[in-house]
Amino acid sequence: MELPVELVEALDRACAGVPQRQLATSVDRLISRYRDPRPAAAPILASTADVTAYAAYRMPATWAAVHSALERFAEQAPGFRPETLLDVGGGTGAALWAASELFPSLAEATVLDQVDEALLLGRKLAADATSAAVRSAVWRRTSFAAQEAFGGADLVTISYVLSELSEADQADLVARAAEGAEVVAVIEPGTPDGHRRILSARDVLIEAGLTVVAPCPHQQMCPLAAGTDWCHFSTRINRTSLHRRLKGGELGHEDEKFSYVIASRTAHAPAAGRILRHPLKRKGLVTLEVCTADDGVRQTLVSKRQGESYREARDAEWGDTWPPSHRSAD
């Protein structure tokens, strides 16, 4: 995946005003903090350098994860045409940029965050965006502990936010975000802790009357909830030159692992099944780990003798529906 060129250019301009050594120091500190599973006692982004470093090092991966998750949802709800977006804890606006690219119907957007510096930078990055929804977005400070009513929106995104809150505050935030929302998307890191937070958010969304559409093919308990495995997916984002410098990476890409749940007030049909791992492809045989609606996680073997199914399995990727949506609808 490629970050939008206009966002890359805006990030380069924003970082030009901060010494690179200071940015690199902030990146190292942020990496350590985001690997800590404990709730943060204070907002993680504490300075202008932190916010700028976060945008440069995390926005591409967050954008890619949100884009991938929303894309999976759109496959199950092709008629979804949101006009309003509420990005809760949106920071510098990665989810806003991702949603606006996937849904050109967006006309109004509001980004909420606890950190003034993040909102200021987000507004600055969005100033010259091609998308009118991004350019005209409202950037508003809030305190998640204040329990204010967020108001409704066609699409609400909550990405990489819940780890900063206690379990009770996580549930409260998701419940308030669901009030009046048509679709709610929650995205977290693809770690065991991130998966547990997604499972809790999933329960809150179902209790609020929404139907899980992606990635799950059902509304029952997650078959991985009680085991040592966890549900997560991966997306590859091409690194910009700035990104490589800040992270000291030589590869031209990085793989972002994420967990997510997207639920809708309109009961769109979920996938028949979801591929939970990279397919194992051998000569004449493809092995798929599939989360199914009725049988939990099931190993599915597709041989060359199965013709079209085999060709589709050879092309299938981690996170895809299985069987493919067009066959599920037949």
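Scanning region 71-96 for residues that are within 19 Å of ALA61 (Cα to Cα) and touching an Asp or Glu at 6+ places or on another chain (Cβ under 9 Å) yields ARG72, ASP87, VAL88, GLY89, GLY90, GLY91, THR92, GLY93, ALA94, ALA95, LEU96. Tell me which residues, restricted to region 156-176, are polar (S, T, N, Q) and either part of a helix (DSSP H, G or I) or at pLDDT 95 or above (or both). Matches in region 156-176: THR157, SER159, SER163, GLN170. Scanning region 141-159 for residues that are of a type outside the set (A, V, I, L, M, F, W, C) and either touching a residue at least 60 places away in the same chain (Cβ under 8 Å) or closer than 28 Å to VAL213 by Cβ (or both) gives THR142, GLN147, GLU148, GLY151, GLY152, ASP154, THR157, SER159. Of THR130, THR157, all but one fail to be surrounded by 14 or more Cβ atoms within 10 Å (Cβ to Cβ) and among the polar types (S, T, N, Q); the exception is THR157. Strands (runs of 3 or more DSSP E) fully within region 223-330 that include at least 1 residues being modelled with pLDDT of 95 or more and open to solvent by less than 50 Å² (accessible area, probe 1.4 Å): 233-238, 253-264, 273-275, 285-292, 297-303.
Please work out which residue is modelled with the highest pLDDT, limiting yourself to region 37-79 and to residues that are open to solvent by less than 40 Å² (accessible area, probe 1.4 Å) and assigned to a loop (DSSP other than H, G, I, E, B). Looking at residues that are open to solvent by less than 40 Å² (accessible area, probe 1.4 Å) and assigned to a loop (DSSP other than H, G, I, E, B), I get ALA77.
Only one of (1) farther than 22 Å from TYR260 by Cβ; (2) touching a strand residue (DSSP E or B) at 6+ places or on another chain (Cβ under 6 Å) fails for SER159. Which number is that? All conditions pass for SER159, except number (1). For the structure I just gave you, tell me whether SER166 is among the small types (Gly, Ala, Ser), within 19 Å of TYR260 (Cα to Cα) and open to solvent by 40 Å² or more (accessible area, probe 1.4 Å). Yes; evaluated as a whole, the condition is true for this residue.
The values are calculated or read from the model by the stated rules, or taken from the named source; none is laboratory data. Because the structure is a prediction, the values reported are computed rather than measured. Note: ideal-geometry Cβ built from the backbone for every residue, glycine included; neighbour counts use all protein chains shown. Only protein heavy atoms, including side chains, enter the accessible area calculation; ligands, DNA and RNA are left aside. Shrake-Rupley method; radii C 1.70, N 1.55, O 1.52, S 1.80 Å.
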